[in-house]
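This report concerns only the one structure given below.
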Amino acid sequence: MSNVIRHALSIGALLGAFAFLFVGAGTGVPLDEWDWVDIASEGGTSLLAALWCLTVLSSRPDGLVTRLLAGGLACIMLGSWADCLDEVVDVDKVALWDNALESLLPLGMLILTVGMYYWRLEQATLSDHMRKRERLFRNHRPFDRITQLADAAYLREQLRLESKRMGGEGASALVLFDIDEFHRINREHGQAEGDRVLQAVAHMLLLNLRNEDLLCRYAGDRFAVLMPGLQEADARDAAQHLCRMVSSMRHHGPNGRVRITLRHGCAPARGAPDALLADLCRQMDAV
């Protein structure tokens, strides 16, 4: 059974349970006394809140934000449904549970507001992450299938543009990263886990880069970062920080924890891209 159907059945069961509760505890209001405007507005609010709740549950991954948004909408749904049922079923006004159910509406608004606050924080984090890929998206480059990063050809193109922009002057650095003993990870944990390691490293690097930096998958387990505006010494400091962030990850594979460390090489982003990359690769291989 799909998640959508399961969530829809759960919501329908809640609404049905409320209806049975009211019918069993009260008496029907004569049809000529029904306030159709209130019934339509309160019932419509309940049904829309149910639809929004179903949309949230079926379109978002589980987590704090999803639970707050869905919980707030569920309270609004049930509170409005209780108000609607009050229009067609007369329940003794001394029944405290009836008043408590109607109070679900303001409670739901409060929970929904908290959820929207955390949703805003979540979107700010995602937007920052996407801005770090903007340079790649803007040029409509094809992505590497595994890491969703640009390839070596795109890196060379950007190095040429950066060199032309600087005109031989100014600061800009290129850093290469290599995953230590990546062949061992593939051998001991399998190629699928090796792909997951590449993805994890790519995400961790992206999260710790500046918006103007460009991250590419250069070749195999080697990544390249173009850092405009940084002198070589500053780029080395940034590279060491990135290495520390990656080594602090607790990446777990099917055979236990996979320890991931990086080594890096750094040089000013000047000259012919092929020569620059060849020099950096020799530097990395000598480590």
| remark: Spelling it out for S172: with amide H atoms placed in the peptide plane at 1.01 Å from N, the residues 5 or more places away or on another chain with amide H under 5 Å from its amide H are G229, L230, A269
| Nearest 10 degrees, 0 to 90: what angle lies between the long axis of helix 104-131 and the longest principal axis of the chain (Cα atoms)? | 10
| said: Once the convex hull of the alpha carbons of segment 168-207 is built, what does its volume come to per residue, in cubic angstrom? | reply: 86
| Once every DSSP H run of n ≥ 4 in the chain is given -39500 (n - 2.57) and the sum is divided by its residues, what mean residue ellipticity at 222 nm do you get, rounded to the nearest 500 deg cm²/dmol? | -21000 deg cm²/dmol
| query | So which trypsin sites (Lys or Arg not before Pro) in segment 229-285 are both in a DSSP loop and have at most 15 other Cβ atoms within 10 Å of their Cβ? | reply | R250, R259
| query | What's the exposure ranking of Y154, Y118, going from fewest to most Cβ atoms within 10 Å? | reply | Y118, Y154
| note | Taking segment 154-287, the equivalent ellipsoid from its C-alpha gyration tensor has semi-axes in Å, biggest first, of 28, 14, 12
| Using alpha carbons only, how many degrees (0 to 90, rounded to 10) separate the axis of helix 64-88 from the longest principal axis of the chain? | 20
| So how tilted is helix 191-207 from the main axis of the chain? Cα-based, degrees 0 to 90, rounded to 10. | 90
| query | Using only Cα atoms, what is the ratio of the radius of gyration of segment 3-131 to 2.2 N^0.38 Å? | reply | 1.22
| field | q = 0.10, 0.11, 0.12 Å⁻¹: log10 I(q)/I(0) that the Debye formula gives for the chain, counting C-alpha atoms only | value | -0.70, -0.76, -0.82
| remark: Shape descriptors of segment 1-67 over alpha-carbon atoms, Rg and Dmax in angstrom, are 15.4, 47
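Where a number appears in this text, it was derived from the coordinates with a stated rule and is not lab data. Since we're looking at a predicted model, the values are computed, not measured. All Cβ positions, even for glycine, are placed from backbone atoms using ideal geometry, and neighbour counts span all protein chains on display.
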